[in-house]
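So the structure is just underneath, and the comments pick up after that.
Each reported figure results from applying straightforward, stated rules to the coordinates on display, with no laboratory input. The model shown is predicted, which means the values in this text are computed figures rather than measured ones. Cβ placement follows ideal geometry from the backbone for every residue including glycine, while neighbour counts extend to all protein chains displayed.
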Amino acid sequence: MLIAGNWKMFKGPGEAGEFCRALRDADLGTVDVVVCPPYVSLAAAVQALAGTEIGVAAQNVHWKADGAFTGEIAAPMLRELGVYGTIVGHSERRQFFGETDETVVKRIVAAIEHGLHVIACVGETEAEREAGETEAVLRRQVGAIADGIPETDDLVIAYEPVWAIGTGKTATPEIAQEAHALVRSILDVPVLYGGSVKPDNAAELAAQPDVDGALVGGASLDLESFATICRQASHS
Ligand code: 13P
């Protein structure tokens, strides 16, 4: 069971270091824990969590090892910092920054090639779900990844229905389970659930047979709520 906190564009280096120092002493149960701070806070997080089992991952990575790509960060740079992995293809990147299935695959391939673990995000929008297109969307998104990457143990998928992200509208455990089973039928890797995971719904989501953990946004920014989610998921 893996619980990853996606901090999105929150917590600069000072706050990140403070949070991670407190995380060292928190009761996180028995789950694997990863935090994903913004780029500028990665070094502070790595330093604060040195010598612990808690991993630090980035929120994105470029597909080239270096080059003229203003504003992008390469996998070897993350490795040099001591970063363990990265998120790729988050819906906010797909929606607001032009990420496509093709660029998602390129980023995953490069990350894995350079020794980073990857949390690759997929999920349908509200309009797609209402139009009955959830399965087709997941088949397209996960299929592109399955077809485009080499066999690896360094990949997990995060199923994050876009309508559940930051909305307080969590997928029911049944909806999550159905989607996770579909994802796993296309690509047999662990599948995390993301979308309004909170201390009071983490346990029932984590109890589903094909839910292998959670990618937590808003509720990962507060130490007590993040630690509670980790402990709740530890019970399942
Ligand atoms: P929330 O937990 O804030 O809904 O965000 C989910 C998410 O996007 C994690 O990557």
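For the chain, the dipole from Cβ point charges (+1 on Lys and Arg, -1 on Asp and Glu) about the Cα centre works out to 520 debye, to the nearest 20. With N as its number of residues, segment 1-71 has a Cα radius of gyration that, divided by 2.2 N^0.38 Å, comes to 1.19.
Working from the pairwise distances between different alpha carbons, so that the mean of 1/r is found and then inverted, what is segment 71-115's Kirkwood radius in Å?
Working: mean 1/r = 0.0900 Å⁻¹.
In segment 71-115 this quantity evaluates to 11.1 Å.
Loop-located chymotrypsin sites (Phe, Trp or Tyr not before Pro) in segment 1-101 (DSSP state other than H, G, I, E, B) with a sparse environment of at most 13 neighbouring Cβ atoms within 10 Å: 69, 97. Under 5 Å from the amide H of residue 125 lie the amide H atoms of 162, each residue being 5 or more positions distant or on a separate chain, with H modelled from the backbone and absent for Pro and chain starts. Springs between Cα atoms under 10 Å define the GNM used for the chain, and in it the highest mean-square fluctuation of 120, 164, 111 occurs at 164. Remark: the Cα gyration tensor places the chain in the oblate category, a/c being 1.5 or greater and a/b not exceeding b/c. Residue 150 sits among other residues whose Cβ lies under 15 Å from its own Cβ, and their net charge, with Lys and Arg +1 and Asp and Glu -1, is -4. The HN-Hα couplings worked out from phi for segment 34-44 by the Karplus form 6.51 cos²θ - 1.76 cosθ + 1.60 (θ = phi - 60°) are 9, 10, 10, x, x, 3, 5, 9, 4, 4, 4 Hz, whole numbers, x standing for Gly and Pro. When you count the other C-beta atoms within 10 angstrom of each residue and take the mean per peptide, 220-230, 146-156 line up highest first as 220-230, 146-156.
Express the relative contact order of segment 1-65 as a whole percentage, based on alpha carbon pairs under 8 Å and six or more residues apart in sequence.
Details: 97 pairs, mean separation 25.7, N = 65.
Worked out over segment 1-65, it gives 40 percent.
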